[in-house]
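Notes for the one structure printed next.
Every read-out reported here was derived from the displayed coordinates using simple, explicitly stated rules and does not represent laboratory data. All values reported here derive from a predicted model rather than from experimental measurement. Backbone-built Cβ (ideal geometry, glycine too); neighbour counts: all protein chains shown.
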Amino acid sequence: MKKLIAIIFTLIFFCGNISLAEGDMWDYFGDQNSYGQKAVSDEEFDKALESKTKKRKKRDKNIPKGEEFHQSNETQFIKDAEKELPILCVPVNLSVGENEVLPIGHYQVMGEKKNGKPYLKFYQAHYLMAEIPAKETHDDFNQETVHFVNLLENGEKQVKIIFGSLDFNAYSVIDIAE
């Protein structure tokens with residue numbers, strides 16, 4: 001029984017000493033430069049911390065000052081979308097002039113006003129394939145986007161091409177080539 005009490009007493013004694021030595025003995029174990037770091041005083045640490053908190057991010061010059069700064073970027077998305085021309089798939093040959101035919105294919109469509117009259121320009125790559133006069137309208141044709149082009153049926157011998165942008169909405173009725 002005496003041995004059991006002695007063993008318990010020694011375990012309590014050694015375990016208690018380890019917990020008491022926590023803040024003293026192991027703080028300075030090994031070399032201070034063991035990881036390639038040099039010791040820093042409290043003043044140097046505070047100066048470094050202040051220098052980092054004082055620096056501000058450089059202001060983006062594209063962001064306007066004042067109240068305009070709080071505007072959302074929704075309008076910027078629409079302006080960027082305007083730079084990309086919408087693509088129209090033309091499934092039939094279209095008669096765009098007396099002897100001119102716009103063949104089946106995919107076209108980038110750009111709307112442009114010349115002398116106050118709207119025109120739809122059809123491009124493949126950077127080549128102008130056709131320029132068709134259109135009629136300006138305030139109808140948005142129930143489209144979900146601001147910038148659009150679409151081909152609609154308009155009887156058996158005609159199609160209607162609708163176009164919309166920030167500048168104007170227009171449509172053009174074109175005969176199907178035979």
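Worth pointing out:
- Applying 1/(1 + (r/R0)^6) with R0 = 25 Å to the Cβ-Cβ distance of HIS106 and VAL173 gives a FRET efficiency near 0.75.
- Treating r as the C-beta distance of LEU85 and LYS157 and R0 as 25 Å, the FRET efficiency rounds to 0.35.
- Contour minus Cα-Cα distance for PHE45 and ASN115 (0.36 nm per residue): 18.2 nm
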